[in-house]
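Worksheet: the structure to be examined is printed underneath.
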């Protein structure tokens, strides 16, 4: 449906109030779409600790109007460092200071998930086009020629012209549309926050640091103006895993890091509690939009953590969805198709690159030696060149991939 003067604004149900859902609500509301956002939890918030934001994420946040707010709570990194967890040698160091910012027009930073989510939530609350509902777990979805009807498990019904699933790895909306299952990776992630005072002085680096080990790795970086450090450890589980989050066990963590040098291994004694994630992703698919329904973020393209791009991709998705709605004059099915076509190749590349980066992080034997030689002597300019595809994303060009790979989709607009 193309917009007509005096025509009623189209409406969308957004399922999921995480980072992707909040960002999508803002992007759609900016285009005049009426949004009802359904969050299954009784309170709005984010679990987890730190996350990393590349220049592409800041470009998206600026387009959403929340970039300045996010920057207030972010820690701007000096470099991205990879060290060998067995012998402590440096594998690679990418400087992300002035030259990096000039190249990519934005910084590289780390922040607490809750701080990012809060900035998005505040923008949602300020927008009269968005209505937010909590304790709204979706139980049934009906999509027909008249629109979309959703029923929650407490009997409430919500209707709109279209629906966007922003509801994560176990997306109810995706299940309704596609009927596939997540790929449980067997990789387990433990996350914790450590007071900066407890960190060894020589490891209080203003950088995301990766200690790459055999079938495991550690990551640490500062949060909240340097008051805390985010500590993340990952290992290949010995048992059959199911996707989910639970409290962790220090003994389990230690059992996977026996061959690691004492310098990084000492970090495992610092947390007083851990959260345990058994991770999952999905193989990239060619279609996630179906008429009045589409998917966004982890619901569309869940990925593991090895490139720290999960939240960044959801933010890009949201901006692209908004741009597609504008390009299609509020014709939501056409916009959903255009948005999908603009995102399939890029997000698929990220999902597959993440898997390969996990292999590189966890190399052992001869593969470890090969990994350690990959970037020897590489200049900063060459590092930046290799990251161009990922970090140079810009909102004003976000529909370009639809033009490159799906020309028929644009020909009809």
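If R0 is taken as 45 Å, the Cβ-Cβ distance between residue 142 and residue 326 corresponds to a FRET efficiency of 0.95. Per residue, the convex hull spanned by the alpha carbons of the range 176-312 comes to 132 Å³.
For the chain, relative contact order (Cα pairs under 8 Å, six or more residues apart, normalised by length) works out to 22 percent. Taking every alpha-carbon pair within the range 171-254, the share separated by more than 19 Å comes to 52 percent. Using Cα centres only, tell me the gap between the range 267-302 and the range 123-196 in whole Å. Here the answer is 13 Å between Cα centres.
Computed over the alpha carbons of the range 236-375, Rg followed by Dmax gives 19.6, 59 Å. On the principal axes of its alpha-carbon atoms, the range 236-297 has extents of 55, 23, 22 Å, going from largest to smallest.
Quick check: the angle from helix 310-327's long axis to the longest principal axis of the chain, C-alpha only, nearest 10 degrees? Helix 310-327 sits at roughly 20 degrees to that axis. Helix 113-126 and the longest principal axis of the Cα set of the chain meet at an angle near 20°. Highest-first packing order for the peptide set 229-235, 83-89 is 229-235, 83-89, based on the mean count of other beta carbon atoms within 10 Å.
Kindly provide log₁₀ I(q)/I(0) values, in the same order as q = 0.13, 0.19, 0.25 Å⁻¹, from the Debye equation applied to equal alpha-carbon scatterers of the range 48-112. Result of the Debye calculation: -0.41, -0.76, -1.08.
For the listed peptides 9-16, 347-354, 184-191, a ranking on the average number of other beta carbons within 10 Å per residue, highest first, reads 9-16, 184-191, 347-354. Assuming a ≥ b ≥ c are the square roots of the Cα gyration tensor eigenvalues, decide whether the range 155-195 counts as rounded (a/c under 1.5), prolate (otherwise, with a/b larger than b/c) or oblate. It is oblate, given that a/c is not under 1.5 and a/b is not larger than b/c.
Computed from the C-beta positions of residue 68 and residue 385, the FRET efficiency with R₀ = 25 Å rounds to 0.25.
P(r) for the range 294-413, from all Cα pairs and a bin width of 10 Å, is 12, 37, 28, 15, 6, 1 %, short bins first. Ordering of 303-313, 141-151 by packing is 303-313, 141-151, highest average first (other Cβ atoms within 10 Å, averaged per residue).
For the range 319-359, the calculated P(r), taken from all Cα-Cα distances in 10 Å bins from zero up to the bin holding the longest distance, is 31, 35, 22, 11, 1 percent.
Hydrodynamic estimate: the Kirkwood radius of the range 4-153 over Cα pairs, inserted into Stokes-Einstein at 25 °C and 0.890 mPa s, corresponds to D of 138 µm²/s. Rounded to two decimals, the Cα radius of gyration of the range 73-194 over 2.2 N^0.38 Å is 1.57. If R0 is taken as 35 Å, the Cβ-Cβ distance between residue 246 and residue 266 corresponds to a FRET efficiency of 0.90.
Taking label points 7 Å from Cα along the Cα-to-Cβ direction, residue 237 and residue 369 give a separation of 3.4 nm.
Values quoted throughout were computed directly from the atomic coordinates according to the rules given, and no laboratory measurement underlies them. Note that this is a predicted model, so its numbers are computed, not measured. Note that we place each Cβ from the backbone using ideal geometry, even for glycine, and neighbour counts take in every protein chain shown.
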